[in-house]
Every structure is written in structure tokens, then in C-alpha cells.
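As C-alpha cells, the structure follows; a few thoughts come after it.
The values are calculated or read from the model by the stated rules, or taken from the named source; none is laboratory data. Since this is a predicted model, take the numbers as computed values, not measurements. Glycine also receives a Cβ, built like all others from the backbone with ideal geometry; neighbour counts cover every protein chain displayed.
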Amino acid sequence: MSSTWMTTRAWLLMLPLLAIMIAVIGWPMADTVRLSFTDAKLVGLGGRFVGFDNYVKMLTSGNFQRALYATTWFAVVSVTAEMVIGVLAALLLNQRFYGRAVLRALLILPWALPTVVNATLWRLIYNPEYGALNAALTQIGLLDSYRSWLGEPGTAMTALILADCWKNFPLVALIALAALQAVPRDITSAALVDGAGPFARFRFVVLPYLAGPLMVALVLRTIEAFKVFDIIWVMTRGGPANSTRTLSILVYQEAFSFQRAGSGASLALVVTLIVTVLAVGYGLLVRRAAGSAA
Amino acid sequence: MSTLTIDAIRKSYGAIETLKGINIDLASGEFLVLLGASGCGKSTLLNIIAGLAEPTSGDIRIDGRSIVGMHPKDRDIAMVFQSYALYPNLTVHRNIGFGLEMRKVGAAERDRAVHETARLLQIETLLERKPAQLSGGQRQRVAIGRALVRNPKIFLFDEPLSNLDAKLRMEMRTELKRLHQLTKTTVVYVTHDQIEAMTLATRIAVMRNGRIEQLGTPEEIYNRPATLYVATFVGAPPMNLLAATAQAGRVTVDGTGIALALPGLEAVPAGRRLVLGVRPEAVGQAGEGIGFSARCEVAELTGPERIVTASVGGQRIVAALPAAARVEAGDDVTLHVDPASFHVFDAETEARLN
Ligand SMILES: Nc1ncnc2c1ncn2[C@@H]1O[C@H](COP(=O)(O)OP(=O)(O)O)[C@@H](O)[C@H]1O
Ligand SMILES: [Mg+2]
């Protein structure tokens with residue numbers, strides 16, 4: 001069979017999928033690009049062509065810059081915390097102890113919960129009148145009077161990050177645990193006989209097997225954190241005083257709350273571009289990590 | 001240069017006893033091979049010596065000092081693993097020097113030691129490579145180098161050659177023997193390969209189900225196997241086993257009417273079921289000894305030898321004849337065995353009787 005026929009056949013077989021992809025992703029994407037150069041409203045017809053107006057206005061607006069800052073802060077802090085807690089949890093769950101199997105099974109729970117359920121749970125925990133956090137902190141004497149954790153601009157973002165960590169560290173922990181179990185026992189034994197302490201063993205025995213999978217977790221989590229919408233929408237709707245308004249929340253408000261489809265579209269495209277750059281950059285990192293660990 | 005004493009070592013995992021009382025005394029510079037089928041407890045014993053596992057009871061002493069409970073790094077032993085167990089992201093140089101690095105040996109001295117070891121193993125040109133860039137044989141040399149460089153009191157090897165192909169395995173076997181002659185370090189070496197055991201060992205411990213079946217020099221193990229198990233485990237092709245019966249101080253081979261008067265069997269009561277062992281290489285076509293009339297079923301030329309499988313009174317016997325022997329399938333032959341080369345075992349207890 002000739003290779004051109006093989007190629008042709010491959011394309012033929014992929015054609016239905018390609019058609020669907022173009023229909024559900026390509027076309028809306030193209031329409032978004034078109035919209036972003038108009039002053040279209042969400043309802044009503046058309047909109048005039050306004051060139052780069054939307055982009056210029058948006059990129060120079062304080063709202064965008066504040067949202068970009070909030071998003072970056074949210075992503076960096078929550079992902080860093082999730083990675084650290086996840087790896088520590090995995091190291092712990094990789095030890096031999098009574099009840100390990102139960103704990104391993106429980107680990108998946110926060111991640112398996114729908115985000116809306118998780119967010120609602122944490123709203124209850126943070127509740128200013130009967131929330132568990134207020135109760136716990138007052139009882140151990142760290143707090144004098146109940147506070148509105150989600151109602152104060154100073155604490156809302158941190159409270160959100162904590163809730164997001166609780167939900168997502170299990171994913172990192174699971175990936176890390178799987179990687180830890182792939183560390184050959186003989187190498188651990190060799191390191192013990194060679195006189196390596198716990199840190200040297202982590203650095204030279206465990207880390208080479210952990211690096212690749214962790215890089216994948218890092219990529220997944222950063223991109224997700226950058227796009228974060230649901231947990232914030234349920235818990236704070238971007239408030240108070242816009243202190244938790246991330247880029248996705250801003251896009252939603254622009255396009256749907258204020259019904260400005262044109263500028264909402266331009267904002268959405270900028271977010272897409274940022275996430276794409278992140279994804280590609282990380283993709284290269286992962287390939288490097290995989291290469292050095294092999 | 002150190003002695004090693006393994007004293008009444010037992011090890012249980014839950015209700016299962018993996019080691020059932022092991023006693024071995026090694027003089028300095030000995031090369032002990034633990035030989036046995038997979039699962040008999042060889043690695044468990046080695047890990048207990050290394051400190052990677054603790055015995056349930058018993059004592060291990062190096063130069064008379066107990067090391068039970070001591071951290072592996074403080075035992076001054078080095079270990080080589082079947083899987084090589086190299087650190088994947090360190091160069092060969094750092095892999096070999098790792099133990100010294102962890103023991104805070106200065107960089108200059110470490111470098112000198114690594115180069116000396118690498119020269120000994122002929123891997124000097126590989127020092128800057130990562131393990132992934134090495135062949136199996138090269139990796140095993142690095143793993144041996146990592147053990148060698150530390151100049152430990154005792155070397156432990158856990159099936160180090162099992163992952164290599166046949167030709168390389170033979171080369172490395174010779175290499176290990178050369179290194180042992182050079183360093184004269186005490187060695188405990190685990191294998192399930194009887195050729196490795198015979199060629200390398202100063203003494204062999206044949207293990208079975210957590211016990212030592214026989215402990216002796218390769219010659220003793222080969223020439224005077226203490227049990228039926230040892231007799232069949234060592235030697236290739238394996239020892240022939242003929243069903244026989246004790247009768248009035250003589251041994252009659254079942255189905256042949258041949259009766260042998262073998263020394264040392266006078267006390268065996270008549271009617272006792274016996275197993276008569278004879279190695280294929282002790283069976284000849286001519287010469288003295290007892291003659292068996294046999295019919296050749298298969299003749300296989302291996303190169304130096306012709307392996308003849310024949311039937312004697314309904315029992316099967318394998319003979320390793322010279323390649324020039326003219327025997328074909330279907331031929332009637334007379335096979336000769338010197339009475340002195342018979343091994344007699346009790347069929348029930350499997351213990352040696354003569
Ligand atoms: N950590 C362990 N837990 C439970 N059983 C074990 C453990 N290590 C070894 N065993 C058991 O002990 C027996 C001997 O194992 P091992 O010493 O590895 O045999 P060998 O090296 O001779 O093949 C095996 O039946 C194995 O299942
Ligand atoms: Mg083993």
C-alpha cells in the first residue's frame with residue numbers, strides 16, 4: 001500500500017472529527033474574533049466595526065490590570081501551595097502505616113466533589129454568623145470576634161485560595177503518589193547502603209522519578225487556575241470591592257452582566273492568548289523534564 | 001578482610017516463616033554463594049545482612065561484632081543489585097563516587113578513587129555519561145564500581161548477572177572472579193544459576209524453603225550432594241535418578257534385575273525404597289563398571305558432547321558421551337557406570353546414604 005494512500009486514508013478517517021471540531025470550536029472562535037472588532041451588544045443586531053478600539057480600551061483599563069494581577073496571584077499562590085501540600089501528602093501516604101488504604105481512598109474525595117458543592121461547603125465554613133472557621137478560631141483563642149472572611153477585601157482572596165487548595169491538592173498528591181510508587185526499591189536500598197540521608201534520598205532517588213509527572217500536574221493546575229471561574233463565582237462573584245475579580249469573571253461581567261459582546265470578546269481572546277502561551281511554554285518544560293529524568 | 005557469622009537467623013512475614021534458622025560461618029576472603037530456586041529466601045537473607053530488613057531472631061556478626069539493628073550505612077558493606085539500581089540523573093562518575101560523597105570524602109580523593117575503580121573495570125571513557133546512555137553490561141560494571149570504590153568489609157551481590165545475555169554473563173563472571181582474587185574481600189553472592197555458583201564460590205550454600213540444604217565447597221556439592229534436592233539442582237544436564245530397592249545389603253535397580261554391592265549401605269534394611277543417582281558425565285560407552293543394556297531414544301549433539309537419552313528397564317537415563325560416539329536413536333547400547341560414582345539416597349527422607 002502506498003504511503004500517499006495511507007495518508008489520504010488517515011485524513012479521511014479523521015474528517016468527521018475535524019468537521020465537528022471546526023463546528024464547535026473553530027466557528028465560535030472565528031465569530032469571537034469578528035465580534036472583538038465590533039461594538040456589538042449581547043442582544044440586538046450587528047454592531048459597527050471599530051478596529052482595535054476594544055483592545056486598546058481594555059488593555060489600558062485599570063479593571064483589566066487589576067484582574068490580571070488578581071488572577072496571577074490566585075494562580076501562583078494556590079498552585080504553589082497545592083504542589084507543596086500534594087507532594088508532602090504523597091510522601092506521607094507512601095509510608096507504611098495502619099489505615100493507609102483508607103486514607104488513600106479518602107484523599108480523592110475533595111477532588112471528586114463538584115466545584116459548586118465544594119464552594120458551597122466552604123461558604124458555610126466561612127459564614128460570618130455560624131461558620132466553622134470562626135467557631136474554631138475563637139475557641140482556640142486566635143480570634144476575638146467573628147469575621148466575615150468572604151466579605152472583607154483583605155481576606156476574601158486568601159479564603160478562596162484555601163478552598164481551591166483543598167479541592168485540588170489531591171490531584172497533585174495522586175499524581176505524585178503514583179510516581180513515588182514507580183521509584184525502584186533497589187535504588188532506594190542502594191542509597192540507604194551508600195549512606196544517603198532523607199534529603200539526599202529525596203533529591204537523588206525520588207525526585208528524578210517525580211519531576212516529570214509533577215511537571216504535568218503543574219501545567220494542568222496552572223492553566224486551570226488561570227481560567228478559574230466557578231469556585232469564585234459561587235463564593236464571591238468577584239467581590240467584595242472586586243478584590244477577587246479574576247480575568248474569567250471580568251469576561252463574564254463584560255459580556256453578560258454589562259451585555260457588551262464586542263469588548264467581552266476581545267477580553268476573552270486575550271485570556272485565551274495568555275493561557276495558550278502558558279500551555280506552550282510549559283509543554284516545552286515538560287519535554288525537557290522528561291528528557292532529563294529518562 | 002572480614003569474617004561474617006550468620007547465627008540462627010529466622011525471619012517471618014506475618015505467619016509465614018521465610019527463613020527457618022540459617023547458620024553460616026565465613027572466614028575472611030571467602031566467596032559464599034547462596035544458591036536456590038526463586039522464592040527460597042536468598043534475597044531476604046542478603047537484605048538482613050545489609051540491614052535493609054531486620055531478622056525476627058538470630059544474630060549477624062562482622063569480625064565478631066553484632067550488626068543487628070545497625071543502620072545499613074554503618075555496617076561498612078556494599079551491595080550490587082540485579083536491576084543495577086543506578087541513580088538515573090547522575091553521571092557514571094557521581095554514581096560510583098556517591099557512597100564516598102555521602103560519607104563526606106573530599107572531592108580530590110573521591111575523584112582519584114573513582115578513576116582508579118573505573119580503570120580497574122575498564123569504564124574510564126564512560127565517566128561523564130548518564131546511566132540511560134549505557135548498555136546493560138556497562139551499567140552492571142558501574143554498579144560493581146560503586147560497590148568496589150568504597151572498599152567495604154563485605155560485598156553483597158543479589159543476582160547481579162541475571163539481566164545480562166549469556167555471553168556477557170560469562171565475561172562478567174570471569175571479571176568478578178578476577179576482582180575477588182585481586183581484592184580478597186569477603187563476598188556473599190546470591191544466584192539461582194548453578195554454573196555461576198560452581199565457578200565463583202569458595203563455598204556454596206544450597207537453600208530450599210528457608211533452610212540450608214547443604215553448605216560446602218563446590219567440589220563437595222557436586223561430588224557428594226547431601227540430599228536429592230542438591231543432587232538435582234547442581235549439574236547440567238541434571239543427575240539421573242533411578243528407582244531402586246535395598247535387598248540383603250545390595251541395591252537392585254527396579255526393572256533391570258541388576259544388583260549392586262555398594263559400600264556404606266550394609267545397614268540399610270531390606271525392602272527400603274532408594275534412589276540411585278548418577279551424573280550423565282559419569283555414564284560411558286566403554287570401560288569398567290556395571291553395564292546397563294539400554295535403548296537410545298534421542299541423541300543430541302551439543303558440540304563438545306553427544307547427549308544420549310536412553311531407556312534402561314523402563315527407566316530413563318541420560319549420558320553425556322564424547323561427540324565422536326556413534327549412537328543414533330533406536331540403537332541398542334551398553335552404558336557403563338563406575339560403581340564409585342553412584343549416589344544413593346533414601347527415597348523417603350531424600351538424605352544421602354552412601
Ligand atoms: N517484604 C515482604 N513481605 C512479605 N513476604 C516477603 C517479603 N519479602 C519476601 N517475602 C517472601 O519471602 C519469600 C522469599 O523471598 P526472597 O528472599 O525474595 O526469595 P529469593 O530471593 O530466594 O527469590 C518469598 O516467598 C516472598 O514472597
Ligand atoms: Mg531474590
Pairs where the first residue, in the stretch B:325-347, is at positive phi and the second is at pLDDT 90 or above, C-beta under 9 Å, 6+ apart
B:Gly330/B:Arg295; B:Gly330/B:Cys296; B:Gly330/B:Glu297
Within the bounds of the stretch B:302-314, is there any residue that is farther than 28 Å from B:Glu220 by Cα, in contact (Cβ under 8 Å) with a residue 60 or more places away in the chain and in contact with a Ser or Thr (Cβ under 8 Å, 6 or more places away or on another chain)?
yes
Matching residues, the stretch B:165-194, being buried (at least 19 other Cβ atoms within 10 Å of the Cβ) and within 16 Å of ligand 2 (Cβ to nearest atom)
B:Val188, B:Tyr189, B:Val190, B:Thr191, B:Gln194
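May I ask you to verify whether B:Gly51 is more than 14 Å from chain A (Cβ to nearest Cβ), without any contact (Cβ under 8 Å) to a residue 60 or more places away in the chain and not aliphatic (A, V, I, L, M)?
no
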Neighbours by Cβ (under 9 Å, 6+ apart or cross-chain): first from the stretch B:28-45, farther than 27 Å from B:Lys184 by Cβ; second within 9 Å of ligand 2 (Cβ to nearest atom)
B:Ala37/B:His192; B:Ser38/B:His192; B:Cys40/B:His192
Given (1) at positive phi; (2) away from chain A (no Cβ under 14 Å); (3) within 16 Å of ligand 1 (Cβ to nearest atom), B:Glu159 misses just (2)
Give just the number: which of (1) more than 14 Å from chain A (Cβ to nearest Cβ); (2) at pLDDT below 95; (3) touching a strand residue (DSSP E or B) at 6+ places or on another chain (Cβ under 7 Å) does B:Gly64 not satisfy?
(3)
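Tell me, please, whether a residue that is within 12 Å of ligand 1 (Cβ to nearest atom), part of a loop (DSSP other than H, G, I, E, B) and among the aromatic types (Phe, Trp, Tyr) can be found in the stretch B:70-88.
Initially, the stretch B:70-88 is screened for residues within 12 Å of ligand 1 (Cβ to nearest atom), giving B:81-82.
Retained after the next criterion (residues that are part of a loop (DSSP other than H, G, I, E, B)): B:81-82.
Filter once more, keeping what is among the aromatic types (Phe, Trp, Tyr): B:81.
Yes; the residues of the stretch B:70-88 include at least one that is within 12 Å of ligand 1 (Cβ to nearest atom), part of a loop (DSSP other than H, G, I, E, B) and among the aromatic types (Phe, Trp, Tyr).
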Given the options B:Ala231, B:Ala226, B:Ala236, name the one that is surrounded by 23 or more Cβ atoms within 10 Å (Cβ to Cβ), over 18 Å from B:Leu45 (Cβ atoms), among the hydrophobic types (A, V, I, L, M, F, W, C) and out of contact with any Ser or Thr (no Cβ under 9 Å at 6 or more places or on another chain).
B:Ala231
Which of (1) within 14 Å of chain A (Cβ to nearest Cβ); (2) at pLDDT 95 or above does B:Ala201 not meet, given it meets every other one?
(1)
Being without any contact (Cβ under 8 Å) to a residue 24 or more places away in the chain and surrounded by fewer than 15 Cβ atoms within 10 Å (Cβ to Cβ) is the filter here; which residues of the stretch B:58-102 pass it?
B:Arg65, B:Ser66, B:Gly69, B:Met70, B:His71, B:Asp74
Among residues of the stretch B:89-107 being over 11 Å from B:Arg146 (Cα atoms) and not in a loop (DSSP other than H, G, I, E, B), the residue nearest to the other protein chains (Cβ to nearest Cβ) is B:Met102
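Has the stretch B:49-57 got at least one residue that is of a type in the set (S, T, N, Q) and either outside the structural domain of B:Phe157 (by TED's automatic domain parsing) or in contact with a Ser or Thr (Cβ under 7 Å, 6 or more places away or on another chain) (or both)? Quick ask: steps written out before the conclusion?
Our first condition is that a residue be of a type in the set (S, T, N, Q); within the stretch B:49-57, this holds for B:56-57.
If we keep only those that are either outside the structural domain of B:Phe157 (by TED's automatic domain parsing) or in contact with a Ser or Thr (Cβ under 7 Å, 6 or more places away or on another chain) (or both) as well, we get B:56.
Looking for residues that are of a type in the set (S, T, N, Q) and either outside the structural domain of B:Phe157 (by TED's automatic domain parsing) or in contact with a Ser or Thr (Cβ under 7 Å, 6 or more places away or on another chain) (or both), one finds at least one in the stretch B:49-57, hence yes.
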Search the stretch A:202-216 for residues being under 22 Å from B:His71 (Cβ atoms) and surrounded by fewer than 19 Cβ atoms within 10 Å (Cβ to Cβ), and hand back the single one that is farthest from the other protein chains (Cβ to nearest Cβ).
A:Phe202
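May I ask you to say which residue of A:Val193, A:Val183 is free of Cβ contacts under 8 Å to residues at least 40 places away in the same chain and within 7 Å of chain B (Cβ to nearest Cβ)?
Numbers: A:Val183 fails: within 7 Å of chain B (Cβ to nearest Cβ).
Exactly one of A:Val193, A:Val183 is free of Cβ contacts under 8 Å to residues at least 40 places away in the same chain and within 7 Å of chain B (Cβ to nearest Cβ), namely A:Val193.
Just name the residue that is nearest to B:Thr227 (Cα to Cα) out of those in the stretch B:315-324 that are touching a residue at least 60 places away in the same chain (Cβ under 8 Å) and touching a helix residue (DSSP H, G or I) at 6+ places or on another chain (Cβ under 6 Å). Talk me through it step by step, then tell me what you get.
Step one: filter the stretch B:315-324 for residues touching a residue at least 60 places away in the same chain (Cβ under 8 Å), giving B:315-318, B:320.
Checking the rest, the ones that are also touching a helix residue (DSSP H, G or I) at 6+ places or on another chain (Cβ under 6 Å) come to B:318, B:320.
Values: B:Val318: 20, B:Ala320: 23 Å.
Looking at residues that are touching a residue at least 60 places away in the same chain (Cβ under 8 Å) and touching a helix residue (DSSP H, G or I) at 6+ places or on another chain (Cβ under 6 Å), I get B:Val318.
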B:Ala197 vs. criteria away from ligand 2 (no atom under 16 Å from the Cβ) and in a helix (DSSP H, G or I)
no
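Within the stretch B:168-194, restricting attention to residues that are within 16 Å of ligand 1 (Cβ to nearest atom) and in contact with a Ser or Thr (Cβ under 7 Å, 6 or more places away or on another chain), which residue is farthest from B:Ile154 (Cα to Cα)?
This residue is B:His192.
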Go through the stretch B:10-48 and give me each residue that's within 11 Å of ligand 1 (Cβ to nearest atom), in a strand (DSSP E or B), loosely packed, with under 14 Cβ neighbours inside 10 Å and more than 14 Å from chain A (Cβ to nearest Cβ).
B:Ile16
